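Colleague: Submitted below is the structure of interest, expressed as structure tokens.
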């Protein structure tokens, strides 16, 4: 099978004025760096601008606490087997309070055992939506009872945004960070 080259990493010195503006906004924002899928998106400055703004909201400004937001990101990264995303967010999730046993279970596709009910509710909702492309009335009602409608809407936003990220990582073969092994490679 022939491997086609994927978009090159853009050299900041050769960016168009529009690309440079978006690049600088990302660097000067809460991320502080343009890497992974953001570098791919810079091929389309308009997409990069809108996606990074949505991403900043999904990552830093939703009503979910970081522990739950990172759990949602890990569930999505594992569903898509997006190694770059997993490599970046697994340590953040652990630091935010997600149990390392839960992180490992999600990575391997096992059903995690949760100590926190809110994590179990989020896991069931996110897993149902990814796997079944829908959420049953019972799972939906449990999520709304746990989090409220606004937070469930934001959770779906996080799942959707990190699906976009994961699809970008996989479609453009975004390489893992240096000194990182593929967390989803067969043993």
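Colleague: Starting from a Cα-only point model with no solvent, please compute log10 I(q)/I(0) by Debye for the range 57-97 at q = 0.15, 0.18, 0.29 1/Å.
Modeller: Summing over Cα pairs of the range 57-97 leads to -0.30, -0.44, -1.00.
Colleague: Which whole-number percent gives the relative contact order of the range 69-187, counting Cα pairs below 8 Å spaced six or more residues apart?
Modeller: With pairs under 8 Å counted, the relative contact order is 40 percent.
Colleague: Given the -39500 (n - 2.57) contribution per DSSP H run of 4+ residues, what per-residue ellipticity at 222 nm results for the chain, rounded to the nearest 500 deg cm²/dmol?
Modeller: Helix-only estimate at 222 nm: -20500 deg cm²/dmol.
Colleague: Just to confirm my numbers, what's the Cα centroid distance between the range 146-187 and the range 42-59 in Å?
Modeller: Each part reduced to its Cα centre gives a spacing of 15 Å.
Colleague: Could I ask something else about it? Would you look at the GNM of the chain, springs on alpha carbons closer than 10 Å, and say which of 140, 123, 162 moves the most?
Modeller: 140
Colleague: Please compute the Kirkwood hydrodynamic radius over the range 66-171, one decimal place, Å, based on all pairs of different Cα atoms.
Modeller: So the Kirkwood estimate lands at 13.6 Å.
Colleague: In degrees from 0 to 90, rounded to the nearest 10, what is the angle of the helix 66-80 Cα long axis to the longest principal axis of the chain?
Modeller: Around 70 degrees separate the two axes.
Colleague: Using alpha carbons only, how many degrees (0 to 90, rounded to 10) separate the axis of helix 137-147 from the longest principal axis of the chain?
Modeller: The answer is roughly 80 degrees.
Colleague: Can you give me the P(r) profile for the range 92-145? Cα pairs, bins 5 angstrom wide beginning at 0, each as a whole percent.
Modeller: 4, 19, 26, 25, 16, 9, 1
Colleague: Just rank 166, 44, fewest to most, by other beta-carbon atoms within 10 angstrom.
Modeller: 44, 166
Colleague: Okay, moving on. Can you pull a Stokes-Einstein diffusion coefficient for the chain at 37 °C (0.692 mPa s), Rh from Kirkwood over Cα pairs, as a whole number of µm²/s?
Modeller: Translational diffusion coefficient: 189 µm²/s.
Colleague: Could I ask something else about it? If you take the alpha carbon radius of gyration of the range 12-60 and divide it by 2.2 N^0.38 Å, what ratio comes out, to two decimals? Write out the running numbers ahead of the final one.
Modeller: Numbers: Rg = 9.7 Å, N = 49, 2.2 N^0.38 = 9.7 Å.
Ratio of Rg to 2.2 N^0.38 Å for the range 12-60: 1.01.
Colleague: Right, something else. Treating the angle as unsigned and between 0 and 90°, give the value, to the nearest 10°, between the Cα long axis of helix 117-132 and the longest Cα principal axis of the chain.
Modeller: Long axis of 117-132 versus the principal axis of the chain: about 60 degrees.
Quick note: the coordinates plus some simple rules give every number you see, no bench work behind them. Just so it is clear, the model here is predicted, and its values are computed rather than measured. Cβ coordinates were reconstructed from backbone atoms using ideal geometry, including for glycine residues, and neighbour counts include every protein chain displayed.
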